[in-house]
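The next block holds one structure in the form of structure tokens; read it before the comments.
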Amino acid sequence: MLGDLGDGLFAGVVRPSLTEHDRMRLRGCLEDATLERAHLTVLGIGDADADADSDSDSDEH
């Protein structure tokens, strides 16, 4: 899943979760990718709360 955050920023979700090694490889692949008129920089990688998708009214961020 990929979401547009505005200002040319996008957030992606990968399921199932990745191991630390897989995260490192994904970051490298994204930053090494050659796309026309695009440059990819990974700003952060982390685990999402499993309840975040099902509980949009949560006060936790």
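Some points to look at:
- Any hit, region 5-25, residues being among the small types (Gly, Ala, Ser), modelled with pLDDT of 90 or more and outside any helix (DSSP H, G or I): yes
- Matching residues in region 26-43 - criterion: being outside any helix (DSSP H, G or I) and either in contact with a Ser or Thr (Cβ under 6 Å, 6 or more places away or on another chain) or surrounded by 11 or more Cβ atoms within 10 Å (Cβ to Cβ) (or both): 40, 42
The values are calculated or read from the model by the stated rules, or taken from the named source; none is laboratory data. What you see is a predicted model; the values in this text were computed from it and never measured. Virtual Cβ from ideal backbone geometry, glycine too; neighbours counted across all protein chains shown.
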